[in-house]
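Peer 1: Before anything else, here's the structure in question.
The values are calculated or read from the model by the stated rules, or taken from the named source; none is laboratory data. Here the structure is a predicted model, which is why all the values come from computation and not from measurement. Cβ coordinates were reconstructed from backbone atoms using ideal geometry, including for glycine residues, and neighbour counts include every protein chain displayed.
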Amino acid sequence: MVTHCGFPVKTVLDLGICMDFKASDRILWMSDIGWLVGPILVYGTTLIGGTMVLAEGTPDYPGADRIWRLVDDKRVSYLGVGPTMARGFMADPSFDAALYDLSLLRIFVSTGEAWTPEAWHWLFETIGDKRVPIVNFTGGTEMGGILCSVVTHPIKPCSFTRPIPGTDAAIFDELGNEALPGEVGELVMRRAPIGLTLGLWHDDDRYIESYWSSYPGVWHHGDFAMRDADGFYYVLGRSDDTLKIAGKRTGPSEIEGLVLATDLVAEVAAIGVPDPIKGTAIVCACVLRDGYGPVENIADELTSAIIAGLGTAFRPKDIVFCPDLPKTRNMKIMRRVVRSVYLGEDPGDLSSLLNPEAIDGLRRHTQ
């Protein structure tokens, strides 16, 4: 439940001030209307006076390059792009950015998924011609944004530059103390911003339990994050996606980044599964780039890359190769679904999936 006062004000703060959206912009940000991006488009674009470019369907159908044709045809200046989308074009040897007029683009904006350095640099260099900043934004439909990259300050690859005003965001360790630089912890808000939800519909107890019970008087958002020595923030994934191996917490993106850096894999989802010795073991579900094989040799290379980056404790229990990974309509990989399928459990609500057929393909390669 949000208010007609608070939510629009917070949305204009997030989109107009922190993300530098202007009345002169044409914005294309394909997403599910039920998540934060949908309300941002409807409220933020309208209140600021910009132009929405709305397209039914998905970014890659009927042609894989649909998103870039829309940018070209509709003269888009402000584009929402996710890491999974970027990696898909990186893996396509036939893709040529020079075929499209992308000269009016001035801002990339991204939310909902952690970037890997390779995908970030590809978007910045190949599509943005090293001139278009990537505004990283994270938050939720419950409160709008928490962290953002702002164009008036230097931006490190994959980072967020600072908390959004009014949130007093921080990273807490397991004891509720502010985490040290380089230490992975829970992303929290120590102040209630104007756009914060007042509760869950007819379920106050669940609201308190879900968001306010971990730390007294502090909003627990459910993301793991880290702040480096220079003060830049990094969101590493959802708390329920995050893995604790040999006493060290790590986000799926750290493992996935090492796998993707081999250039053998187009997409990967790193999940944690029960293990009788370690407690939690790593499984990687991978979509190979075209033309690579046999999979036995590739599995060894991917395992070596993970061990080299994180240590022997992170040796995967299994590496699964499948034709596709389940994704949402804004191309975010659904790790909870991957984990459920791998464990033979009910994957739950699949109404937000773009490609439900990926579940059958994954199941055939895991069971």
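Peer 1: Please go through the range 118-141 and give me each residue that is touching a strand residue (DSSP E or B) at 6+ places or on another chain (Cβ under 9 Å) and either over 26 Å from Pro165 (Cβ atoms) or outside any strand (DSSP E or B) (or both), ordered by number. Explain how you work it out, then say what you get.
Peer 2: Just the residues of the range 118-141 that are touching a strand residue (DSSP E or B) at 6+ places or on another chain (Cβ under 9 Å), to begin with: 120, 123-124, 127-128, 132-140.
Within the range 118-141, Trp120, Leu123, Phe124, Ile127, Gly128, Val132, Pro133 qualify.
Peer 1: Let me ask another. Can Trp115 be described as out of contact with any His (no Cβ under 8 Å at 6 or more places or on another chain), part of a helix (DSSP H, G or I) and aromatic (Phe, Trp, Tyr)?
Peer 2: Here the answer is no, as Trp115 does not meet what is asked.
Peer 1: Could you tell me whether Phe160 is within 29 Å of Gly16 (Cα to Cα) and touching a Cys at 6+ places or on another chain (Cβ under 9 Å)?
Peer 2: yes
Peer 1: So, one more: Sort out which residues of the range 39-61 are closer than 16 Å to Met85 by Cβ and without any contact (Cβ under 8 Å) to a residue 24 or more places away in the chain, and write them in order of number.
Peer 2: Gly57, Tyr61
Peer 1: Further question on the same structure: Are any of the residues in the range 71-93 among the acidic types (Asp, Glu) and closer than 16 Å to Arg289 by Cβ?
Peer 2: Looking for residues that are among the acidic types (Asp, Glu) and closer than 16 Å to Arg289 by Cβ, one finds at least one in the range 71-93, hence yes.
Peer 1: Now for a separate question. Could you name every one of the helices (runs of 4 or more DSSP H) located completely within the range 266-367 that has at least 3 residues being within 30 Å of Ile33 (Cβ to Cβ)?
Peer 2: In the range 266-367, the matching helices (runs of 4 or more DSSP H) lie at 335-342, 357-366.
Peer 1: Then there is this: What tally of residues in the range 91-112 results from selecting those that are closer than 26 Å to Pro252 by Cβ and either surrounded by 20 or more Cβ atoms within 10 Å (Cβ to Cβ) or in contact with a strand residue (DSSP E or B) (Cβ under 6 Å, 6 or more places away or on another chain) (or both)?
Peer 2: So the answer is 6.
Peer 1: Let me ask something else about it. State all residues of the range 326-358 that are under 20 Å from Pro59 (Cα atoms), among the aliphatic types (A, V, I, L, M) and crowded, with 16+ Cβ neighbours inside 10 Å; if no residue qualifies, say none.
Peer 2: Met331, Ile333, Met334, Leu353, Leu354, Ala358
Peer 1: Residue by residue through the range 161-192, note down the ones that are more than 16 Å from Gly222 (Cβ to Cβ), crowded, with 20+ Cβ neighbours inside 10 Å and among the polar types (S, T, N, Q).
Peer 2: Listed by number, the list holds a single entry, Thr161.
Peer 1: Step by step: first the residues of the range 297-314, then only those that are within 14 Å of Ala285 (Cα to Cα) and touching a residue at least 24 places away in the same chain (Cβ under 8 Å), then the one that is surrounded by the fewest Cβ atoms within 10 Å (Cβ to Cβ). Which residue is that?
Peer 2: Ile298
Peer 1: To continue, here is another question. Do any strands (runs of 3 or more DSSP E) entirely within the range 171-255 hold 2 or more residues that are among the charged types (D, E, K, R) and either at pLDDT 85 or above or closer than 30 Å to Val265 by Cβ (or both), and if so, which? Spell out how you get there, then give the answer.
Peer 2: Numbers: elements: 185-189, 219-227, 233-238, 243-245, 248-250.
Hits in the range 171-255: 219-227, 248-250.
Peer 1: Would you tally the residues in the range 37-61 being within 14 Å of Ile17 (Cα to Cα) and hydrophobic (A, V, I, L, M, F, W, C)?
Peer 2: Qualifying residue count for the region: 3.
Peer 1: Using beta carbons and a limit of 9 Å, which pairs, at least six apart or on different chains, have the first residue in the range 180-207 and free of Cβ contacts under 8 Å to residues at least 24 places away in the same chain and the second one among the polar types (S, T, N, Q)?
Peer 2: Matching pairs, first to second residue: Tyr207/Thr197.
Peer 1: To continue, here is another question. Are there any pairs, at least 6 apart or on different chains, whose C-beta atoms fall under 7 Å, with the first in the range 13-33 and of a type in the set (Lys, Arg) and the second in a strand (DSSP E or B) and at pLDDT 95 or above, and if so, which?
Peer 2: Qualifying pairs under 7 Å: Arg26/Thr51; Arg26/Tyr78.
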